[in-house]
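The values are calculated or read from the model by the stated rules, or taken from the named source; none is laboratory data. As the structure is a computational prediction, the values presented were derived from the model and not from experiment. Here the Cβ positions follow ideal geometry from the backbone for every residue, glycine too, while neighbour counts run over all protein chains shown.
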Amino acid sequence: MAVIASICANAQQFEVIDIQKVKTGTKTQAFHPRFMPDGNLLVSEENYDGLGIVNVANGTYTELTSMEGAGYYAVVSEDGKSILTRSMDKVNLTQTIYKLDVASKALTTIAENIEHVNQISLYNGEASYAADGKAVKTVISGALSPVRRINNILVTEEDLKIVVYKNGKRTVLDPLAGQFGDWDPQYIWTSLSPSRDKILFGCSDNAYVCNLDGSGVVKVGCMRSPKWRNDTHVVGMVDADDGYHYTKSDIVIAKIDGTQLQQLTTPSDEIKMFPSVSEDGSKIAFHTTDGHIYIMTIQEK
C-alpha cells in the first residue's frame, strides 16, 4: 500500500490551477483550438473546414476564411500576423496552400494543386512543406541569415510512415519496425521537438519519442493526438469509443522518458479532445464533442 501511494504521488507532476470555459461569440460550436502568440485561439469546424479567431478576453469570434480544410495543420507565424492554411479540393484530392494575413484576411497563394501535404513547418520566418518527395521552402516573413537557416528540418508523415527532410535530404523512418509481428506500423501525429532534435509520433494508440534518425525509441504512454509542451513533456488525450462514437476522453500529460503519466481533467460526461499547448506551457486548450472550448492552466510542482 505504501509503495502504491508513493508511485501515485510521484506521478502527480502538475497541479491544475484553473479550467475556464471560453465564450465563442457568434461561433456556437468551435473545435481544434490552437494558441495564437497573443493568447487568443485559432479554431475551425470539427471536420477542419473554415478558420477563425476566438478572443479569449471578450469572448468574440472573427471569421478568417470558410475554405474547406483550412484548419487542417494550420500554422501560425511567430509574430501572429500570418497563418499558413490550405483549401482542399475533395473531388480531385488536391490542395492549395495559402498565406493568410490575419489583419486583412487576404490570401496569398504559396502552392497550387498539390497532393498529400500533411505537416507544414514554420521556423524563423521560413515555411517548409513536402510535395512530390521534395521539401519546398518559402520565405514568409523577414530576411533569413545563414545562422537562421541552421537545422533546417521538416518532419511529416507520408503513406503512414515518418519522413524527415533535413537540408534537402529525404529519409523515411520506421522506428517500430518488427515490434508488432506481421503488422506494419502506421505512424500519425508526427512533430518535431522545440529543441528540433527529437520526433514525437503516434502509433497504435500510444505516443512515442525517437531521435531524428529513428533510433532511441521511447514509449511515452497510452495517448492520442500528442503535442509537445516543452522538451521534457507532452500532452495528449486518452479516449474510448463504442465503434461508432466517442464514449469518453480526458487530457493527460507525460514525461518523454516514459516514467510518468498524469491525467489532468476529471472524468465527466463531457468528452475532452485534441489538446494544444500555449508557448510557455502553462495553458492547455481543448474542445469537447459538443463544440465547447476550454482552457486549462497548469503548474509544475
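Within the set of pairs 6+ apart or on separate chains, which have a first residue in the stretch 257-271 that is free of Cβ contacts under 8 Å to residues at least 24 places away in the same chain, a second that is surrounded by 13 or more Cβ atoms within 10 Å (Cβ to Cβ) and in a loop (DSSP other than H, G, I, E, B), and C-beta atoms under 9 Å apart?
Here the result reads GLU270/THR289; GLU270/HIS292, each pair linking the stretch 257-271 to a residue that is surrounded by 13 or more Cβ atoms within 10 Å (Cβ to Cβ) and in a loop (DSSP other than H, G, I, E, B).
What number of residues in the stretch 60-89 are over 22 Å from ALA127 (Cα atoms) and in contact with a strand residue (DSSP E or B) (Cβ under 7 Å, 6 or more places away or on another chain)?
Adding up the residues that qualify gives 3.
Among the residues of the stretch 131-166, which ones are modelled with pLDDT under 85 and hydrophobic (A, V, I, L, M, F, W, C)?
ALA131, ALA135, VAL136, VAL139, ILE140, ALA143, LEU144, VAL147, ILE150
Residue by residue, here is whether (1) modelled with pLDDT of 95 or more; (2) small (Gly, Ala, Ser); (3) over 20 Å from the mean Cα position of the chain (by Cα) holds:
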site	(1), (2), (3)
ALA11	no, yes, yes
VAL16	yes, no, yes
THR26	yes, no, yes
PHE31	yes, no, no
ARG34	yes, no, no
GLY50	yes, yes, no
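Taking the stretch 218-234 as the search range and keeping residues that are more than 16 Å from the chain's Cα centre (by Cα) and surrounded by 18 or more Cβ atoms within 10 Å (Cβ to Cβ), which one is nearest to THR156 (Cα to Cα)?
Among those that are more than 16 Å from the chain's Cα centre (by Cα) and surrounded by 18 or more Cβ atoms within 10 Å (Cβ to Cβ), it is VAL220.
Could you tell me which numbered condition MET237 fails, if it satisfies all but one of (1) surrounded by fewer than 19 Cβ atoms within 10 Å (Cβ to Cβ); (2) over 22 Å from ILE153 (Cβ atoms); (3) hydrophobic (A, V, I, L, M, F, W, C)?
MET237 satisfies all of (1) surrounded by fewer than 19 Cβ atoms within 10 Å (Cβ to Cβ); (2) over 22 Å from ILE153 (Cβ atoms); (3) hydrophobic (A, V, I, L, M, F, W, C) except (1).
Show the residue pairs meeting these rules: Cβ distance below 9 Å; 6+ apart or different chains; first residue within the stretch 40-55 and touching a residue at least 24 places away in the same chain (Cβ under 8 Å) and on the phi > 0 side of the Ramachandran plot; second residue of a type in the set (A, V, I, L, M) and part of a strand (DSSP E or B).
TYR48/MET88
Given the condition free of Cβ contacts under 8 Å to residues at least 60 places away in the same chain and within 26 Å of ILE253 (Cβ to Cβ), answer yes or no: does some residue in the stretch 15-31 qualify?
yes
If VAL91 meets every condition in (1) part of a loop (DSSP other than H, G, I, E, B); (2) surrounded by 12 or more Cβ atoms within 10 Å (Cβ to Cβ) apart from one, which number is that one?
Going through (1) part of a loop (DSSP other than H, G, I, E, B); (2) surrounded by 12 or more Cβ atoms within 10 Å (Cβ to Cβ) one by one, VAL91 breaks only (2).
If I go through the stretch 217-253 residue by residue, how many of them are out of contact with any Cys (no Cβ under 6 Å at 6 or more places or on another chain), of a type outside the set (Lys, Arg) and part of a loop (DSSP other than H, G, I, E, B)?
Counting residues in the stretch 217-253 that are out of contact with any Cys (no Cβ under 6 Å at 6 or more places or on another chain), of a type outside the set (Lys, Arg) and part of a loop (DSSP other than H, G, I, E, B) gives 8.
Output the number of residues of the stretch 70-88 satisfying the condition of being touching a residue at least 24 places away in the same chain (Cβ under 8 Å), over 15 Å from the mean Cα position of the chain (by Cα) and either in a loop (DSSP other than H, G, I, E, B) or surrounded by fewer than 21 Cβ atoms within 10 Å (Cβ to Cβ) (or both). Spell out how you get there, then give the answer.
First pass over the stretch 70-88, keeping only residues touching a residue at least 24 places away in the same chain (Cβ under 8 Å): 70-86.
After this cut, where a residue has to be over 15 Å from the mean Cα position of the chain (by Cα) as well, the list is 78-82, 86.
Then drop every residue that is not either in a loop (DSSP other than H, G, I, E, B) or surrounded by fewer than 21 Cβ atoms within 10 Å (Cβ to Cβ) (or both), which leaves 78-81.
Residues meeting the conditions: 4.
Taking only the stretch 281-301 into account, find how many residues are modelled with pLDDT of 95 or more, under 15 Å from ARG229 (Cβ atoms) and assigned to a loop (DSSP other than H, G, I, E, B).
Number satisfying all stated conditions: 2.
If I ask for residues that are touching a residue at least 40 places away in the same chain (Cβ under 8 Å) and not in a strand (DSSP E or B), which ones from the stretch 167-216 would you list?
Residues satisfying the conditions are ASP174, PRO175, LEU176, ARG196, LEU212, ASP213, GLY214, SER215.
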